2 protein chains.
Amino acid sequence: MNLSDLLTGLKEKGLKLTPQRQQILRVLLAAEQPLSAKEIGILVNKRFPNVGLGTVYRTLDTLKQLGLVSETVFPGGGRRYELCREHRHHLVCLGCGRAVAFPFCPADCLAKIAAANPDFDVRGHSFAVFGYCGECRKAQA
Amino acid sequence: MNLSDLLTGLKEKGLKLTPQRQQILRVLLAAEQPLSAKEIGILVNKRFPNVGLGTVYRTLDTLKQLGLVSETVFPGGGRRYELCREHRHHLVCLGCGRAVAFPFCPADCLAKIAAANPDFDVRGHSFAVFGYCGECRKAQA
DNA sequence: TATTAATTGAAAAGAATTCTCATTTAGCAT
DNA sequence: ATGCTAAATGAGAATTCTTTTCAATTAATA
């Protein structure tokens, strides 16, 4: 997924290709891990100093609704955003906050749950694993 | 797990058994699903009208640190609390917000992740499934 | 180039959570 | 019972995060 694919996607949905949106998408494309709205704002501000957080939140909402961006809630309640490249989950370090993505899904568990709740229309799931990364473990010792 | 077990636990840790804490524990014991701090505050206020949310948050923090209460983060960033009875996850309705607990854990997935990341000290995980419950589906139709 | 609806910036408002500090109180030792 | 002391509380201020408002701007179309 590159920038022009994303822009084509926006255009097809009838959305305007504003420089702000493009920059937010560039930031998300360059990110190697999910970012908070504030972090996205700071990175966007490097090129567009007066883009406010309001615009960041609005754009993220729009992109979420289009299915281009996913929101992950981290322990403590922090919300982070990333492009929907492929479905993935994260291994999050409780020490430094860094997150590593992994592509495994708890498929067997989802199947069990769906089978046990036939009335429920399952639309999605979240899964995250927490602990301490190698570096933080060294630092603690 | 009943109230006096919980109180014994607190006492053993050297914490005071204030009426406020007891009432918060009673509310958590009576709850059938994880509650937000605000909801807990409202329920506590039925018997102790001037317990503030500050006390609710502080008490929940204390109970979390003792391992008596767990915090679950819901989509959108809402944090909810429940007694640690047994480890469980939730099936959450995106329509009405109600949550149903289930005891399955995505064990195979956890094992895969741990195997793929030997440096990482895994301490916990979160897992939740989202969708629409039978009632909300009827209401939509 | 003009028009128009979508988008934005800036600031205010709202919600959730944490912090502060003077006052109160549970638990312990008289 | 009473007094002592550290812990806990109430009330409100302060933070942080997110959403909303509205006038001004701008991308897209004719």
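Only the coordinates and a few stated rules stand behind these numbers; no lab work does. Given the structure is predicted, the values throughout are model-derived calculations rather than measurements. Methodologically, a virtual Cβ is constructed for each residue, glycine included, from the backbone with ideal geometry; neighbour enumeration extends over all protein chains shown.
See the values below:
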| item | result |
| --- | --- |
| Length released on extending from B:GLN33 to B:ARG47, taking residue separation times 0.36 nm less the Cα-Cα span | 3.0 nm |
| Percent antiparallel among DSSP beta bridges (both partners in chain A, rounded to 5) | 75 percent |
| Derived scalar couplings ³J(HN,Hα) [region A:17-30; Karplus, 6.51 cos²θ - 1.76 cosθ + 1.60; whole Hz; x for Gly, Pro] | 8, 6, x, 4, 5, 4, 5, 4, 5, 4, 4, 5, 5, 7 |
| Alpha carbon centroid spacing (whole Å) that separates region A:39-108 from region A:1-30 | 16 Å |
| Computed lengthening from B:LYS138 to B:ALA115, 0.36 nm per intervening residue step minus Cα-Cα distance | 3.9 nm |
| B:VAL122 versus A:ASP5: modelled label distance in nm, points set 7 Å from Cα along the beta carbon direction | 3.0 nm |
| Cβ charges +1 (Lys, Arg) and -1 (Asp, Glu), total dipole of region B:95-141, debye | 300 debye |
| Residues whose placed amide H lies under 5 Å from that of A:PHE104, excluding near-sequence neighbours | A:HIS89 |
| Region B:83-141: antiparallel DSSP beta bridges as a percent of all, rounded to 5 | 50 percent |
| Farthest positive-ward along chain B dipole, Cα basis, beta-carbon charges - from B:GLN20, B:GLY76, B:CYS105 | B:GLN20 |
| Value of [θ]222 nm, deg cm²/dmol, for chain B, DSSP H segments ≥ 4, -39500 (n - 2.57) each, nearest 500 | -13500 deg cm²/dmol |
